[in-house]
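For reference, the structure discussed in these notes is given below.
Laboratory data are not the source of any read-out in this text; all were calculated from the coordinates shown. Nothing here was measured: the structure is a model prediction, and the numbers come from that model. We place every Cβ from the backbone using ideal geometry, glycine too, and count neighbours over all the protein chains shown.
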Amino acid sequence: MITSERIQSYFREVARRQYEVVELAPFTLFFHPTDPLPFFNYAIPDAPEAGVAPAHLAALRAAFRKRGRIPRFELVEAFAPQLGDALESAGFAAEPPTCLMIVDPANAEPGPDVEGLRIDILTKDSNFEEARRLLHLQRTAFGMNDADQVSEADARFFVDTLALLRDVDRVTRVRVGLDA
């Protein structure tokens with residue numbers, strides 16, 4: 001069964017593979033090694049009842065400041081329903097919520113046939129070329145200038161990440177907040 005706990009855990013495990021990890025209970029902080037962009041640097045709650053005690057938030061802000069980063073959270077609202085409001089009360093600004101997209105294979109219905117469209121499903125067993133094509137398509141779709149420069153390491157990382165998904169097919173971040 002797909003639960004908010006499993007999705008939040010997935011976000012945490014994927015971030016662990018990409019970023020510097022700082023365990024600062026009741027949160028885990030993730031820092032990109034070189035890029036200060038807020039979307040690459042954030043905290044995720046460790047448990048649904050993650051608190052917002054002033055001492056915890058002071059330590060969190062200090063850890064972000066030490067690295068020249070803006071304190072920010074990424075969380076699944078259903079995982080920690082009171083946390084977003086508590087963080088806003090503590091001075092964090094809410095960003096517009098992002099939709100969570102989950103495809104439950106048991107309830108999925110096929111879409112209409114589209115001439116010339118082929119859908120490939122990538123799994124942890126997919127090869128480098130399949131992953132490279134997907135990453136190229138994603139980067140092109142999002143207007144990234146490096147779409148033609150997908151490395152083998154990028155593709156291998158993507159395929160390895162698929163192994164973490166198990167039965168969660170597609171997910172995006174759900175609710176995030178920037179420090180005011």
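Computed from Cα positions, the angle between helix 54-66 and the longest principal axis of the chain comes to roughly 60 degrees. Rounded to two decimals, the Cα radius of gyration of segment 80-147 over 2.2 N^0.38 Å is 1.71. A quarter of the convex hull surface defined by the alpha-carbon atoms of segment 78-118 gives 5.3 nm² as the mean projection. Net charge within 10 Å of residue 40 by Cβ-Cβ distance, Lys/Arg positive one each and Asp/Glu negative one each, not counting residue 40 itself? Surrounding charge for residue 40 is +1. With springs connecting C-alpha atoms under 10 Å apart, model the chain as a Gaussian network and identify which of 44, 121, 70 has the largest mean-square fluctuation. Among 44, 121, 70, the largest GNM mean-square fluctuation belongs to 121.
In segment 4-179, Cα pairs under 8 Å separated by at least six residues give a relative contact order of 27 percent. Our helix-only sum for the chain, with -39,500 (n - 2.57) per DSSP H run of n ≥ 4 divided by its residues, gives a mean residue ellipticity at 222 nm of -11000 deg cm²/dmol. Think of each Lys and Arg Cβ as +1 and each Asp and Glu Cβ as -1; about the Cα centre, that makes the dipole of the chain roughly 720 debye.
Dividing the convex hull volume of the alpha carbon atoms of segment 36-81 by its residue count gives 67 Å³ per residue. A convex hull fitted to the Cα coordinates of segment 4-179 yields 139 cubic angstrom per residue. Net charge of the neighbourhood of residue 20, taken over other residues with C-beta under 12 Å away and scored Lys/Arg +1, Asp/Glu -1, is +3.
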